[in-house]
Amino acid sequence: AQSVTQPDIHITVSEGASLELRCNYSYGATPYLFWYVQSPGQGLQLLLKYFSGDTLVQGIKGFEAEFKRSQSSFNLRKPSVHWSDAAEYFCAVGAPRNTDKLIFGTGTRLQVFP
Amino acid sequence: GAGVSQSPSNKVTEKGKDVELRCDPISGHTALYWYRQRLGQGLEFLIYFQGNSAPDKSGLPSDRFSAERTGESVSTLTIQRTQQEDSAVYLCASSAGGASGEKLFFGSGTQLSVL
């Protein structure tokens, strides 16, 4: 069965600094991978997704993520963080052609200091 | 509506009472999901509806939990004889179907507190 691990519960960065949020997955084949963001009081919003092809995917709000099969990872990055990026970030994995259920990680809370 | 709507946004109930949570998906979306998010934890899959197919109930934690969906419209998640461990945010999501997770739109959730 697929699973997702986000090893960092809480990350604090200064505005303008670079950011990398870690995500590791467990799945027997190439899964579908997603990053969602949950801002306070709002629903989850899809940042980006990987299905196949180019392993570096670009998303909204200047985020990108790289799929590394050898490391079973799908880390989220942003070169320069803005204060409005403070939120909870969830990595998720889905099984192609098998189920539409997404398995979510426990989330990483990002705090941004001015 | 423009997005997935959930009601109520907050619900406080006493242990042992039944609660109903409502989800209005985006019009035309055939797939509807319920997830639970406990404090400090990831999203936990509960149930999935796709069109007229039998729902995937594999994530429901106990027989106190049930959900219904009429056609491709509103869904109701019912929790009977609520327990304190049921306290969580219950999130609904809908999609137009197709590939796994494709264009999944989430509502803002219902914060359930069981006293």
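The values are calculated or read from the model by the stated rules, or taken from the named source; none is laboratory data. In this text the structure is predicted, and so the values were computed from the model without any measurement. Don't worry about glycine lacking a Cβ; one is built from the backbone with ideal geometry, like all the others, and counts go over all protein chains shown. Surface accessibility is based on the protein's heavy atoms, side chains included, excluding ligands, DNA and RNA. Shrake-Rupley method; radii C 1.70, N 1.55, O 1.52, S 1.80 Å.
The criterion of being farther than 24 Å from B:Cys92 by Cα, within 14 Å of chain B (Cβ to nearest Cβ) and more than 10 Å from the chain's Cα centre (by Cα) does not hold for A:Thr106.
Only one of the numbered conditions (1) small (Gly, Ala, Ser); (2) within 14 Å of chain A (Cβ to nearest Cβ); (3) open to solvent by 40 Å² or more (accessible area, probe 1.4 Å) is not met by B:Ser66, and that is (2). Taken over the stretch A:1-34, the residue count meeting the criterion of being charged (D, E, K, R), within 13 Å of A:Phe67 (Cα to Cα) and open to solvent by less than 40 Å² (accessible area, probe 1.4 Å) is 0.
Considering every residue within the stretch A:50-66, establish whether at least one is within 12 Å of chain B (Cβ to nearest Cβ), of a type outside the set (Phe, Trp, Tyr) and open to solvent by 20 Å² or more (accessible area, probe 1.4 Å). Within the stretch A:50-66 (the criterion being within 12 Å of chain B (Cβ to nearest Cβ), of a type outside the set (Phe, Trp, Tyr) and open to solvent by 20 Å² or more (accessible area, probe 1.4 Å)), the answer is yes, since at least one residue qualifies. Among all residues of the stretch B:15-31, there is at least one that is within 14 Å of another protein chain (Cβ to nearest Cβ) and closer than 21 Å to A:Val93 by Cβ. Condition check for B:Ala54 on (1) closer than 24 Å to A:Gly107 by Cα; (2) more than 10 Å from chain A (Cβ to nearest Cβ); (3) open to solvent by 70 Å² or more (accessible area, probe 1.4 Å): one failure, at (1).
Determine if the stretch A:52-67 includes at least one residue that is more than 25 Å from A:Phe113 (Cα to Cα), of a type in the set (D, E, K, R) and modelled with pLDDT of 95 or more. Yes, the conditions are met somewhere in the stretch A:52-67. Scanning the stretch B:45-87 for residues that are farther than 23 Å from A:Phe90 by Cβ, without any contact (Cβ under 8 Å) to a residue 24 or more places away in the chain and not in a loop (DSSP other than H, G, I, E, B) yields B:Ser66, B:Glu68.
So that you can scan it fast, the table gives a plain yes or no per residue for (1) closer than 30 Å to A:His10 by Cβ; (2) of a type in the set (S, T, N, Q):
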| site | (1), (2) |
| --- | --- |
| B:Arg36 | yes, no |
| B:Gln41 | yes, yes |
| B:Leu46 | yes, no |
| B:Phe49 | no, no |
| B:Pro61 | yes, no |
| B:Glu68 | no, no |
| B:Gln80 | no, yes |
| B:Ser87 | yes, yes |
| B:Tyr90 | yes, no |
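For B:Gly40, state whether it is buried (at least 22 other Cβ atoms within 10 Å of the Cβ) and either more than 8 Å from chain A (Cβ to nearest Cβ) or closer than 29 Å to A:Ser3 by Cβ (or both). It is false that B:Gly40 is buried (at least 22 other Cβ atoms within 10 Å of the Cβ) and either more than 8 Å from chain A (Cβ to nearest Cβ) or closer than 29 Å to A:Ser3 by Cβ (or both). Of the residues making up the stretch A:59-70, none is under 21 Å from B:Ser94 (Cβ atoms), of a type outside the set (Lys, Arg) and in contact with a helix residue (DSSP H, G or I) (Cβ under 7 Å, 6 or more places away or on another chain).
Among the residues of the stretch A:16-34, those identified as assigned to a strand (DSSP E or B) and at pLDDT 95 or above are A:Leu19, A:Glu20, A:Leu21, A:Asn24.
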